[in-house]
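Peer 1: Encoded as C-alpha cells, here's the structure I'll be asking about.
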Amino acid sequence: MRSNKLGIVSRNEIRILSVMTTVSVAILIAAGRFMPQVLNDTPGYLNLAGFPDMLSQPRTPLYGWLVAVLPATSKSKGPQAA
C-alpha cells in the first residue's frame, strides 16, 4: 500500500508538469512570444527612484533593479536600464 504524504511530489507528477511546461514553451516559441518587445509602459518598470520617491511610482522598481545588474551589450535587443 502506497501512502501519499503531504508535501511529497511523485515522479509521475513531475513528469506531467515537465511535459506541460515543455509544450507551453514550444507553443510560445512557435507563436514568436519570446522576442523582446518594448511597450509603452516599459520605461515605468525600468525607472529607478530613490527610497521616498519610489513609494509614489506607478510601478515597483524590482524589475529595474534586476535589469540594472545585468550587463548591457550592444547585441541585446531587450530593454536597457537608463
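Peer 1: So, in segment 1-33, exactly how many residues are outside any helix (DSSP H, G or I), loosely packed, with under 10 Cβ neighbours inside 10 Å and not charged (D, E, K, R)?
Peer 2: 9
Peer 1: If a residue must be over 26 Å from L66 (Cβ atoms) and acidic (D, E), how many such residues does segment 1-51 contain?
Peer 2: 1
Peer 1: Among all residue pairs at least 6 apart or on different chains, which show Cβ distances below 7 Å where the first residue, located in segment 22-45, is modelled with pLDDT under 85 and the second is part of a helix (DSSP H, G or I) and loosely packed, with under 10 Cβ neighbours inside 10 Å?
Peer 2: That search, which allows pairs on different chains as well, returns nothing.
The values are calculated or read from the model by the stated rules, or taken from the named source; none is laboratory data. Every value quoted in this text rests on a predicted model; they were computed, and no experiment measured them. Neighbour counts run over all protein chains shown; Cβ positions are idealised from the backbone, glycine included.
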